[in-house]
Amino acid sequence: MHKIKSLLLVPYMIWIALFIIVPIAMIFYSSLLDINGHFSFENYKNFFTSAYLEMTLSSAWYAFIITFFCLIISYPLALVLRNAKAKEILLLLIILPTWINLLLKTYAFIGILSHDGLLNKILNVFNVPTTELLFTSTAFIIVSVYIYIPFMLLPIFNSMEEIPENLLQASRDLGASHFTTFRRVVVPLTLEGVKTGIQITFIPALSLFMITRLIAGNKVVNLGTAIQEQFLVTQNYGMGSTIAVFLILAMAFILIVTKSKSENKEV
């Protein structure tokens with residue numbers, strides 16, 4: 001039996017080696033090469049200059065803002081969905097936009113937020129001054145939050161669904177108010193869902209690049225944008241790989257900080 005389990009692990013280990021370990025090793029190796037292909041630590045020296053450090057802090061700040069707004073929208077929404085009668089249909093309506101290609105959704109927002117877009121047409125109907133929202137950092141945050149809300153919502157909703165109803169009833173029977181039940185029962189039991197939502201929202205938000213181009217109009221420059229420029233514009237693969245190395249380290253740090261602290265207990 002043990003041999004069978006070991007054999008079943010072989011395809012998985014091959015997959016991990018080919019598509020995770022080898023690519024990361026190649027990125028790290030490329031980061032040690034200068035633009036002429038010579039071994040050098042110049043890329044790492046350049047990364048620790050003020051320009052790249054400022055860009056890294058900007059990436060982390062925008063990722064934090066996107067994650068924060070996703071959380072404060074998704075948590076109450078998950079609570080409402082848990083108690084809704086048609087929660088399956090409502091959840092499907094929220095998840096449905098994730099099936100649409102990201103580029104199509106981005107162009108749809110261009111049509112909504114542009115000067116002659118749907119938003120300004122609605123404002124004109126009510127005689128409200130129009131707004132130039134497209135190609136701003138605000139537009140970037142709005143579109144990013146819209147895209148990542150389902151990814152924050154799902155783990156939180158699943159963690160709420162796993163809370164036994166009799167546990168909530170027991171809390172109320174013991175005299176706890178709705179707010180106390182929420183604070184002392186619901187919140188602690190959904191922390192793992194919140195951590196998972198933060199992971200799958202904050203980490204990809206660090207490296208957004210297409211939305212920064214099409215929605216923010218280069219008003220937002222983050223790690224993803226810098227990697228794209230290094231690989232596709234300047235063709236400095238070493239510097240692009242160096243930025244990718246620090247992006248991987250940042251992702252690993254977030255995973256460590258938000259990892260589950262629960263331990264398996266033997267019954």
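The values are calculated or read from the model by the stated rules, or taken from the named source; none is laboratory data. Since the model is a prediction, treat every value here as computed from it, not as a measurement. Note that each Cβ is placed from the backbone with ideal geometry, even for glycine, and that neighbours are counted across all protein chains shown. Protein only, heavy atoms only, side chains kept; ligands, DNA and RNA dropped before computing areas. Shrake-Rupley method; radii C 1.70, N 1.55, O 1.52, S 1.80 Å.
Annotations for the structure displayed:
- Modelled label positions at PHE253 and THR234, each set 7 Å beyond Cα in the direction of Cβ, lie 2.2 nm from each other.
- The residues of the chain expose on average 63 square angstrom of accessible surface per residue, using a 1.4 Å probe on protein heavy atoms.
- The accessible surface of segment 105-185, taken with every protein chain in place and a 1.4 Å probe, is 62 percent carbon and sulfur.
- Answer label for Cα Rg over 2.2 N^0.38 Å (calculated), chosen among (1) 0.97; (2) 1.25; (3) 1.03: (2)
- Cross-link table LYS3/LYS195; LYS5/LYS259; LYS45/LYS195; LYS85/LYS195; LYS87/LYS219, entries beyond 30 Å C-alpha to C-alpha: LYS3/LYS195; LYS45/LYS195; LYS87/LYS219
- For segment 26-126, trypsin sites (Lys or Arg not before Pro) meeting the loop criterion (DSSP other than H, G, I, E, B) and having at most 16 other Cβ atoms within 10 Å: LYS85.
- A 1.4 Å probe over all protein chains sorts LEU189, LEU8, LEU113, LEU119 by accessible area into LEU8, LEU189, LEU119, LEU113, starting with the largest.
- Modelled this way, with points 7 Å down the Cα-to-C-beta line, the labels at ILE200 and HIS38 are 4.7 nm from one another.
- When PHE140, PHE231 are compared by accessible area at a 1.4 angstrom probe, the order from most to least is PHE231, PHE140.
- When only the Cβ of Lys, Arg, Asp and Glu is charged (+1, +1, -1, -1), the dipole of segment 75-220 relative to its Cα centre reaches about 160 debye.
- Surface accessible to a 1.4 Å probe, ILE141 within the full protein complex, Å²: 30 Å²
- Computed accessible area, TYR237, all protein chains, 1.4 angstrom probe, square angstrom: 110 Å²
- Kyte-Doolittle at least -1.0, axis length at least 27 Å by Cα - qualifying DSSP helices, the chain: 50-83, 137-161, 237-257
- Heavy-atom SASA rank of SER6, SER31 (probe 1.4 Å, accessible area, largest first): SER6, SER31
- The value obtained for segment 43-174, namely the Cα convex hull volume divided by the number of residues, is 215 Å³ per residue.
- Anisotropy class of segment 109-242 from Cα gyration tensor, a/c 1.5 cut: oblate
- Within a straight-line Cα-Cα reach of under 23 Å, LYS121 can be paired with the following lysines, leaving aside sequence neighbours fewer than 8 residues apart in one chain: LYS105.
- Whole-percent carbon and sulfur share, accessible surface of segment 1-94, 1.4 Å: 78 percent
- Rolling a 1.4 Å probe over the protein heavy atoms leaves THR258 with an accessible area of roughly 20 Å².
- Considering only the Cα atoms of segment 167-267, their convex hull presents on average a projected area of 10.5 nm².
- Quotient of the Cα radius of gyration of segment 14-89 and 2.2 N^0.38 Å, N being its number of residues: 1.88.
- Segment ILE72-ILE20, length gained on full extension (0.36 nm per residue, minus Cα span): 15.4 nm
- Extension gain for SER6-ILE65 works out to 16.8 nm (0.36 nm per residue, less the C-alpha to C-alpha distance).
- Dividing the summed helix terms, -39500 (n - 2.57) for each DSSP H run of n ≥ 4, by the number of residues in the chain produces a 222 nm estimate of -21000 deg cm²/dmol to the nearest 500.
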